[in-house]
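Heads up: the structure comes next, in structure tokens.
We did not get these values from a lab; they are worked out from the coordinates using the rules stated. Treat the numbers as computed from the prediction; the structure is a model and nothing was measured. Here Cβ is always computed from backbone atoms with ideal geometry, including for glycine, and neighbour counts include all displayed protein chains.
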């Protein structure tokens with residue numbers, strides 16, 4: 001994928017065609033959306049696509065952030081910033097808050113090298129996400145298979161969901177002498193959680209946003 005394709009097919013809604021500064025978070029103080037524009041450079045290709053290179057100054061701490069962004073034909077913006085926050089502090093607004101809280105704790109545990117906690121919180125977030133999709137069953141095993149039988153989980157994600165269940169079981173139901181979760185396993189569990197949330201919440205949200213742009 002070329003950088004010229006940023007914002008094509010995925011991204012964030014654009015309200016006025018300008019940068020969504022509310023989506024930028026200062027990596028130094030954690031303040032979101034409160035910036036002054038220090039400068040902007042642009043580049044346009046032969047097809048007329050414009051890429052923006054903005055420099056923002058945080059109104060809270062005064063540090064600078066570079067934001068590279070572009071807008072696709074559907075009006076969605078793709079945004080990348082440098083430096084980026086070293087700690088995860090929020091979740092997308094279109095996620096359910098309870099799912100977001102569990103995901104945030106899984107991410108923060110991973111960032112702090114707390115592998116057992118990361119696996120446990122990721123497992124819990126997966127189960128909560130499945131229940132938001134109407135999964136039924138007496139345990140996570142049954143809930144995963146329920147959504148799989150309904151066609152709401154593709155086969156590869158069904159297999160991964162069971163991997164998460166198995167990896168998180170020791171932490172959800174601890175027994176004396178159980179082995180610790182490895183960094184590799186914890187990272188894999190949290191990565192799967194991210195993919196699940198993208199399929200369940202992000203893609204439908206992006207489709208809705210895209211359709212809204214088409215009707216505008």
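Classify the stretch 97-144 from the C-alpha gyration tensor, please: rounded if a/c falls under 1.5, else prolate or oblate depending on whether a/b exceeds b/c.
It comes out oblate by the Cα gyration axes.
When the helix-only estimate is applied to the chain (DSSP H runs of n ≥ 4, each -39,500 (n - 2.57), divided by the residue count), what is the mean residue ellipticity at 222 nm, nearest 500 deg cm²/dmol?
Result for the chain, helices only: -13500 deg cm²/dmol.
As I understand it, the value is the acute angle between the Cα axis of helix 115-132 and the longest principal axis of the Cα atoms of the chain; what does it come to in degrees, rounded to 10?
80 degrees
What would the Debye equation give as log₁₀ I(q)/I(0) for the stretch 97-211 at q = 0.11, 0.22 Å⁻¹, counting only Cα atoms as equal point scatterers?
Ignoring solvent entirely, the Cα scatterers give -0.34, -1.23.
How would you rank 76-89, 123-136, highest first, on the average number of other Cβ atoms within 10 Å across their residues?
Result, highest mean Cβ count within 10 Å first: 123-136, 76-89.
Ranking 12, 192 by Cβ neighbours within 10 Å, fewest first, what do you get? Walk me through the intermediate numbers first.
Numbers: 12 21, 192 18.
So the residues, fewest neighbours to most, are 192, 12.
So for the chain, averaging the separation of alpha carbon pairs under 8 Å that are six or more residues apart and normalising by length, what relative contact order in percent results?
Answer for the chain is 17 percent.
What Kirkwood hydrodynamic radius do you get for the stretch 15-70 when you take the inverse of the mean 1/r over all pairs of distinct Cα atoms, in Å?
Kirkwood hydrodynamic radius for the stretch 15-70: 11.9 Å.
Using alpha carbons only, how many angstrom separate the centre of the stretch 1-42 from the centre of the stretch 119-158?
First find each Cα centre; the distance between them is then 34 Å.
Give the label of the value calculated from the structure for volume of the Cα convex hull per residue in Å³, choosing from (1) 169; (2) 122; (3) 144.
Evaluating volume of the Cα convex hull per residue in Å³ on these atoms matches (3).
If you take the Cα Rg of the stretch 126-178 and divide it by 2.2 N^0.38 Å, with N the number of residues, what do you get?
Expressed relative to 2.2 N^0.38 Å, the Cα Rg reads 1.17.
How far is helix 140-149 tilted off the main Cα axis of the chain, in degrees rounded to 10, range 0 to 90?
Approximately 60 degrees, to the nearest 10.
By its C-alpha gyration tensor, with a ≥ b ≥ c as the square roots of the eigenvalues, how is the stretch 1-103 shaped: rounded for a/c under 1.5, else prolate for a/b larger than b/c, else oblate?
oblate
Hey, what angle do you get for helix 97-111 against the long axis of the chain, alpha-carbon based, 0 to 90 degrees rounded to 10?
90 degrees
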